[in-house]
Amino acid sequence: MTSHKRRRAIVIGGSLGGLFTASVLQAIGWEVAVFERSPGQLESRGGGLVLQPDVLEAFRFGGVRRPPEMGVRSKYRIFLDPHGEIVERLLMPQTQTAWSILYSLLKESLHPGLVHAGEALVRLEQLGDEMLATFASGRVERADLLVGADGPRSTVRQWLSRGDAPAYAGYVAWRGLLPEGSLDREVTARLTNAFAFQQGPDHQMLTYLIPGEDGSIRPGERRLNWVWYRNLAAGRCWMRP
């Protein structure tokens, strides 16, 4: 009788990319372990994002249970002048959701104990057909497949592409969230059912409504997600180390 060893994968990074990868691998029968260097939970991180069709397809493929409504729907994209007046309106229906909602649903879909927090990768080795991962805690893991999903300052990337470094793109972005109730009625009315843009020679700002902190999409209980992009010369902006 031929015995088939169950294939094992290690995912480095427990944010959305890592959890999506783990969900898909789990769905096709792999044994998976996710290692996240942050010791705490990540639910409170991230802001808003557009709920794209491929996200829903990944949820379906991975068997991730989701509520009927995962976000706030909008019908139009609007473009505002510096005084807040609408200068263009385009029909472009879409749904905006929250990073935390996707994170929580994905994490709940994974087998208990699959995600290991507070494990920072320090070394990679290839031993024949296997990958060997060593963590700062002293933990050592073997796997048939290792996936690097550990963000822009990826340890996996540093090991695989030594000497490569990120290059400044020429702009920075600030983002934040506001409770819908903190906005005045005129602003709320302008931004309801719309994904709004305002831009100038060296900047662009966009805003849209997303579910509240508890996932509510009821008017008055949602949040406004905003992102402000600015072109800045290197050295003129503060960057988190």
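The values are calculated or read from the model by the stated rules, or taken from the named source; none is laboratory data. None of the values given here were measured: they were computed from a predicted structure. All Cβ positions, even for glycine, are placed from backbone atoms using ideal geometry, and neighbour counts span all protein chains on display. Ligands, DNA and RNA are stripped out before the accessible areas are found, and what is left, the full protein with its side chains, is counted by its heavy atoms. Shrake-Rupley method; radii C 1.70, N 1.55, O 1.52, S 1.80 Å.
Using a simple spin-label model with pseudo-atoms 7 Å out from Cα toward Cβ, Arg123 and Asp164 lie 2.4 nm apart.
Residues with beta-carbon under 9 Å from that of Ala196, excluding Ala196: net charge, scoring Lys, Arg +1 and Asp, Glu -1?
+2
Within the stretch 145-208, which trypsin sites (Lys or Arg not before Pro) sit in a loop by DSSP and count at most 11 neighbouring Cβ atoms inside 10 Å?
Details: sites: Arg153, Arg157, Arg162, Arg175, Arg185, Arg190; in loops: Arg153, Arg162.
In loop regions of the stretch 145-208 (DSSP not H, G, I, E or B), the sparsely surrounded trypsin sites (Lys or Arg not before Pro) are Arg153, Arg162.
What whole-number distance in Å separates the alpha-carbon centres of the stretch 200-235 and the stretch 52-122? Taking the Cα centre of the stretch 52-122 as reference, the centre of the stretch 200-235 is 14 Å away.
Based on every Cα atom in the stretch 75-153, Rg and the maximum pairwise Cα distance Dmax equal 22.0, 63 Å. Here the Kirkwood formula puts the hydrodynamic radius of the stretch 12-66 at 12.4 Å, using every distinct Cα pair. Calculated FRET efficiency, Arg60 to Arg157, Cβ-Cβ distance, R0 = 22 Å: about 0.15 to the nearest 0.05.
Using a 1.4 Å probe on the protein chains only, how many percent of the accessible area of the chain belongs to carbon and sulfur?
With neighbouring chains kept in place, the figure for the chain is 53 percent.
Only Lys, Arg, Asp and Glu carry charge here, each on its Cβ (+1 for the first two, -1 for the last two); on that basis the chain has a dipole of about 160 debye about its Cα centre. Scaling against 2.2 N^0.38 Å puts the C-alpha radius of gyration of the stretch 1-118 at 1.38. For the stretch 130-241, the equivalent ellipsoid built from the Cα gyration tensor has semi-axes of 39, 23, 11 Å, listed from largest to smallest. Overall size of the chain from C-alpha positions, given as principal axis extents largest first: 70, 46, 29 Å. Close amide H pairs (under 5 Å, H built 1.01 Å from N) link Ala143 with Met131, residues at least 5 positions away or on another chain. By the helix-only formula, in which each DSSP H run with n ≥ 4 contributes -39500 (n - 2.57) and the sum is divided by residues, the chain has a 222 nm mean residue ellipticity of -5500 deg cm²/dmol.
Residues in the chain average 60 Å² of solvent-accessible surface per residue, probe 1.4 Å, ligands and nucleic acids excluded.
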